[in-house]
């Protein structure tokens, strides 16, 4: 059997960490992702690092539509060559469910079947540590691919996971900086939204055939063409001691084990977190979205609330945000919104 490598991508980790690098906050809606190019860059890096051709990229995320179904962008990711879409679901509170379980089961099954010779895991989730140990028990090397933070070090990687893995590399920084773009204007624009609706309509797909552009292709066209970043043939190894935070794909927050010293939750820190998340959100929000947010007050949309808790947790290195700190965070959110809107 021909030797191959495989890549397993925890999309929650990849996109939240990339958004933090680009915008300073984990709010996924604050960035525009050129998925096809980003995935292509990760494939090139895995092949160059291992010296083996790729078998498949396994992409794990929660279905964004009701019932855990894929949204148009996720459907197009699943249609990319050598990409397998694996979806969990969102709970009523907006948390991912079943994603890390799918990753762990696939890792173990593929290792038992000797499907590949090297595995690359794009994640920092502490809950995947036991699955990594099981993979190694079948003689398969497991390399972590982490998103680099602003200092170039692995962002939000579990020390437990890091200790068990056979090595860690950071995704090429230029790939993140080029293909993950901060949103600075409302998106999609009316004409683009109409085209996307046509592209995802079953009737339109039948009428137009394969020539109809996909949502991913439309997204790529909206951005100026960028030079493809070079992928190093031998990425420099990262010292294992350099990664500190522990990430959970279920909560999007650091884990309680092996984290840096805790910091107190101060009103100033809470205000800073709220301002950062709001600034990122307002840069891409439509005027009607802003009005809806104000009308729904004091309810905060789930994606914004998760980003607030995740970023506060990351800043303080506290896994569980106490209830009184949650209230302070949510109260301060509205104060900061009024201040930013004047």
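Which residue, of 49, 17, is over 25 Å from residue 312 (Cβ atoms) and touching a strand residue (DSSP E or B) at 6+ places or on another chain (Cβ under 9 Å)?
The unique qualifying residue is 49.
Here's a check for you: in the stretch 160-186, which residue that is in contact with a helix residue (DSSP H, G or I) (Cβ under 9 Å, 6 or more places away or on another chain) and in a loop (DSSP other than H, G, I, E, B) is modelled with the lowest pLDDT?
That would be 186.
Which is buried (at least 18 other Cβ atoms within 10 Å of the Cβ), assigned to a helix (DSSP H, G or I) and modelled with pLDDT of 85 or more, of 285, 307, 314?
Among 285, 307, 314, only 307 is buried (at least 18 other Cβ atoms within 10 Å of the Cβ), assigned to a helix (DSSP H, G or I) and modelled with pLDDT of 85 or more.
Which of (1) more than 25 Å from the chain's Cα centre (by Cα); (2) in a helix (DSSP H, G or I); (3) free of Cβ contacts under 8 Å to residues at least 40 places away in the same chain is the odd one out, the single condition residue 297 does not satisfy?
The failed condition is (2).
Which of (1) modelled with pLDDT of 90 or more; (2) more than 22 Å from the chain's Cα centre (by Cα); (3) under 25 Å from residue 62 (Cα atoms) does residue 101 not meet, given it meets every other one?
(2)
Here's the yes/no breakdown for (1) surrounded by fewer than 18 Cβ atoms within 10 Å (Cβ to Cβ); (2) in a helix (DSSP H, G or I); (3) assigned by TED's automatic domain parsing to the domain that holds residue 54; (4) modelled with pLDDT under 95:
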{"residue": "93", "(1), (2), (3), (4)": "yes, no, yes, yes"}
{"residue": "131", "(1), (2), (3), (4)": "no, yes, yes, no"}
{"residue": "136", "(1), (2), (3), (4)": "yes, yes, yes, no"}
{"residue": "152", "(1), (2), (3), (4)": "yes, no, yes, yes"}
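The values are calculated or read from the model by the stated rules, or taken from the named source; none is laboratory data. These figures come from a predicted structure and were not determined experimentally. Because the Cβ atoms are built from the backbone with ideal geometry, glycine has one as well, and the counts that use them run over all protein chains shown.
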